[in-house]
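Student: If you scroll down you'll find the structure; I have some questions about it.
Where a number appears in this text, it was derived from the coordinates with a stated rule and is not lab data. These numbers were taken from a predicted model, which means no experiment stands behind them. Cβ placement follows ideal geometry from the backbone for every residue including glycine, while neighbour counts extend to all protein chains displayed.
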Amino acid sequence: MVTRERRFDPGLFGLGDGLGLVSGVVLAVSSFTGWYTGEGEGVTISVLGWHTGVLGKLVLFVGLAVVLVLVLRELGIEPPAALPQSLVTVALGALATVFVLVRVISVPDDFFFANRGVGLWISLAAAIAVIVSGLIQASEEL
């Protein structure tokens, strides 16, 4: 009988992988949180990141890409040696950070009445956490 090694043993995740997984999920989910909020006639209006244009959608897909890279690694599928996983994670985090910072700096014209909501700041924190997780992964690889 051949015994197979369990790949999803919690001990296999290092600190960088664990942080990357959590921050990738938070980044993806944050696309469905209120990025902009404003007061109307007795109501509070919230605009989801998904509805802010292409950048809101790209934040979701970058977050899913971070999770996919980590899951593939745990399944035994490694990127080429010339492209370490930590570099991919840092690049995805930098891309997400740029996307979110564009939305922090420039509010779309359709939402001129709204202020920046807590979901936008959660997205920014998660994008920065993805970068940090990539740096931790790089230090663990050494």
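Student: Within the bounds of segment 125-140, is there any residue that is touching a residue at least 24 places away in the same chain (Cβ under 8 Å), among the acidic types (Asp, Glu) and in a helix (DSSP H, G or I)?
Tutor: Yes: segment 125-140 contains one or more residues that are touching a residue at least 24 places away in the same chain (Cβ under 8 Å), among the acidic types (Asp, Glu) and in a helix (DSSP H, G or I).
Student: Out of VAL66, VAL104, VAL59, VAL47, which single residue is touching a strand residue (DSSP E or B) at 6+ places or on another chain (Cβ under 7 Å) and touching a residue at least 60 places away in the same chain (Cβ under 8 Å)? Before the answer, list the steps.
Tutor: Details: VAL66 fails: touching a strand residue (DSSP E or B) at 6+ places or on another chain (Cβ under 7 Å); VAL104 fails: touching a residue at least 60 places away in the same chain (Cβ under 8 Å); VAL59 fails: touching a strand residue (DSSP E or B) at 6+ places or on another chain (Cβ under 7 Å).
So the residue among VAL66, VAL104, VAL59, VAL47 that is touching a strand residue (DSSP E or B) at 6+ places or on another chain (Cβ under 7 Å) and touching a residue at least 60 places away in the same chain (Cβ under 8 Å) is VAL47.
Student: If you don't mind, there's one more thing I want to ask. Would you be able to say whether some residue in segment 76-98 is on the phi > 0 side of the Ramachandran plot and more than 16 Å from the chain's Cα centre (by Cα)? Walk me through how you get there before you give the answer.
Tutor: Keep residues of segment 76-98 that are on the phi > 0 side of the Ramachandran plot, which gives 76.
Filter once more, so that each one left must be more than 16 Å from the chain's Cα centre (by Cα): 76.
Within segment 76-98, one or more residues are on the phi > 0 side of the Ramachandran plot and more than 16 Å from the chain's Cα centre (by Cα).
Student: Hey, among TRP121, TRP35, TRP50, which residue is in contact with a His (Cβ under 9 Å, 6 or more places away or on another chain) and among the hydrophobic types (A, V, I, L, M, F, W, C)? Spell out how you get there, then give the answer.
Tutor: Numbers: TRP121 fails: in contact with a His (Cβ under 9 Å, 6 or more places away or on another chain); TRP50 fails: in contact with a His (Cβ under 9 Å, 6 or more places away or on another chain).
Exactly one of TRP121, TRP35, TRP50 is in contact with a His (Cβ under 9 Å, 6 or more places away or on another chain) and among the hydrophobic types (A, V, I, L, M, F, W, C), namely TRP35.
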